[in-house]
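The next block holds one structure in the form of structure tokens; read it before the comments.
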Amino acid sequence: MKVVFLDSDSLPTPFPRPEEATSWLERPSTEPSEVVNALAGVDVAITNKVAIRREHLEQLPDLKLICVAATGYDCIDIAACRDRGVVVCNVPAYSTRSVSEAVIGSMFALRRHLMSYLVAAREWPASSHFCVHKQPIKDVEGSVMGIVGRGAIGTATGRLAQALGMTVIYAEHAHAREVREGYVAFDEVLAHADVVSLHCPLTPQTAKLIGPSQLRRMKRGALLINTARGALVDEQALFEALSCGTLGGAALDVLDGEPPRADHTLLKIQHPNLLITPHVAWASTNSIQNLCTVITCNIRDYANGQARNVIS
């Protein structure tokens with residue numbers, strides 16, 4: 001089998017060559033215009049975020065298997081793969097612990113204003129008291145976490161939050177006619193949660209799920225945490241909500257367009273309650289090991305006629 005990894009540098013460690021690969025190529029990165037040439041004559045493509053669309057597939061008659069090096073697969077044209085008989089496999093739940101812990105860490109950083117107090121420590125020698133007070137520090141215990149998306153990561157985040165003494169509520173779909181048992185209406189979650197954490201996939205229905213009207217409905221001073229997909233949030237509306245103080249803070253591990261532009265508005269502002277990390281919530285050492293192991297198994301099982309983790 002000829003195997004090509006389209007964006008191997010998206011992983012922090014080398015990916016082990018699959019035993020089934022008679023031909024193996026790791027491309028550090030691949031531009032959209034390079035996809036067809038990179039996969040010409042290839043049986044198996046591994047991609048993390050390089051998009052493979054219908055126009056590519058129509059020129060790749062030999063491609064049989066796409067292994068997404070992630071859980072989310074919005075970079076793949078699933079309908080086109082089904083039409084052309086290309087099997088698509090992902091890696092479910094490999095980063096559950098890493099992402100859920102990143103959410104909790106971000107929440108603590110924002111509720112306790114750790115970034116502001118790191119800066120305030122520079123003023124400490126000149127203080128007339130033993131401490132330096134700046135922004136009010138809020139406890140986590142007793143607060144409410146609203147979770148949008150009840151998959152493996154959303155559920156794990158909820159368990160951690162409950163262990164900290166938080167009340168956890170799961171949001172129903174934004175425009176659902178009925179509220180399922182165990183869920184709370186989307187707008188009610190926005191109104192009551194002290195922290196809203198996004199864990200849903202990016203689809204046409206969830207694009208800009210959090211926009212101006214949703215931010216206005218959120219509890220004043222609440223936090224928004226997004227470790228899912230940048231396009232779930234209207235970034236201009238988020239900027240305005242932070243600037244006017246209606247939103248208490250935001251922690252973003254993802255942005256709409258990655259890598260972002262150098263002049264991206266949220267990267268340029270110096271807001272004490274805005275934390276931005278470069279899409280690394282998933283990347284603990286354990287998660288990377290899980291990811292590589294499952295991709296290798298996906299290829300092996302497909303070669304043995306027993307494909308697993310199949311999306312299409």
Surface accessible to a 1.4 Å probe, Arg150 within the full protein complex, Å²: 110 Å²
Loop-located trypsin sites (Lys or Arg not before Pro) in the stretch 183-242, at most 12 other Cβ atoms within 10 Å (DSSP): Arg220
Accessible area, probe 1.4 Å, largest first, for residues Asp62, Asp43: Asp62, Asp43
Estimated [θ] at 222 nm from DSSP helical runs (n ≥ 4, -39500 (n - 2.57)) normalised by residues in the chain, nearest 500: -8500 deg cm²/dmol
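Hand me the tally of lysine pairs in the stretch 95-276: alpha carbons under 25 angstrom apart, and the pair either on different chains or 8 or more positions apart.
5
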Spatially proximal aspartates and glutamates relative to Lys2 (Cα-Cα < 14 Å; intrachain offsets below 8 disregarded): Glu19, Glu20, Glu26, Asp43, Asp62
Of every Cα-Cα pair in the stretch 49-88, the percent that sits beyond 15 Å: 28 percent
Relative contact order, percent, the chain [alpha-carbon distance under 8 Å, six or more residues apart]: 17 percent
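Relative contact order for the stretch 177-288: what is it in percent, counting Cα pairs under 8 Å that are at least 6 residues apart? Kindly include the intermediate steps, with their values, before the conclusion.
Details: 156 pairs, mean separation 25.4, N = 112.
For the stretch 177-288, the relative contact order is 23 percent.
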Taking the stretch 95-276 and dividing mean pair separation by its residue count, relative contact order in percent (alpha carbons under 8 Å, at least six apart): 19 percent
Nearest-20 debye value, the chain charge dipole, Cβ charges on Lys, Arg, Asp, Glu: 640 debye
Dipole magnitude of the stretch 95-276, debye to nearest 20 (Cβ charges: Lys/Arg +1, Asp/Glu -1, about Cα centre): 200 debye
Protection-proxy order for peptides 130-142, 74-86, each taking the mean of Cβ atoms within 10 Å per residue, highest first: 74-86, 130-142
Accessible area of the chain belonging to carbon and sulfur atoms, whole % at 1.4 Å probe: 52 percent
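Under Stokes-Einstein, with the Kirkwood radius over Cα pairs standing in for Rh, what whole-number D in µm²/s applies to the stretch 95-276 at 10 °C and 1.306 mPa s?
Rounded, D is 94 µm²/s.
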GNM result for the chain, Cα springs below 10 Å: residue of Arg122, Arg97, Arg53 fluctuating most strongly: Arg122
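Convert 25 °C to kelvin, take the viscosity as 0.890 mPa s, use the Kirkwood radius over C-alpha pairs of the chain as Rh, and evaluate the Stokes-Einstein diffusion coefficient in µm²/s, rounded to a whole number.
116 µm²/s
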Pairwise centroid distance, computed over Cα atoms, of the stretch 276-296 with the stretch 70-98, Å: 16 Å
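Kindly provide the GluC sites (Glu not before Pro) of the stretch 170-264 that DSSP labels as loop, not H, G, I, E or B, and whose Cβ sees at most 12 other Cβ atoms within 10 Å.
Taking the stretch 170-264 and a limit of 12 other Cβ atoms within 10 Å, the loop GluC sites (Glu not before Pro) found are Glu178, Glu181.
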Computed E for Asn304/Asn37 - FRET, C-beta separation, R0 41 angstrom, nearest 0.05: 0.85
GluC sites (Glu not before Pro) within the stretch 1-102: DSSP coil, no more than 14 neighbouring Cβ in 10 Å: Glu19, Glu58
Listed residues Ile269, Ile210, Ile46, most fluctuating in the chain (Gaussian network, C-alpha, under 10 Å): Ile269
For the chain: accessible area per residue (Å², 1.4 Å): 50 Å²
Choice from Lys64, Lys49, Lys268 showing the highest fluctuation, given a GNM over the chain with Cα pairs closer than 10 Å: Lys268
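The values are calculated or read from the model by the stated rules, or taken from the named source; none is laboratory data. A quick note: this is a predicted structure, and the numbers were derived from the prediction, not measured. All Cβ positions, glycine included, derive from the backbone under ideal geometry; neighbour counts span all protein chains shown. When the accessible area is computed, the model is the full protein with side chains, heavy atoms only, and any ligands, DNA or RNA have been set aside. Shrake-Rupley method; radii C 1.70, N 1.55, O 1.52, S 1.80 Å.
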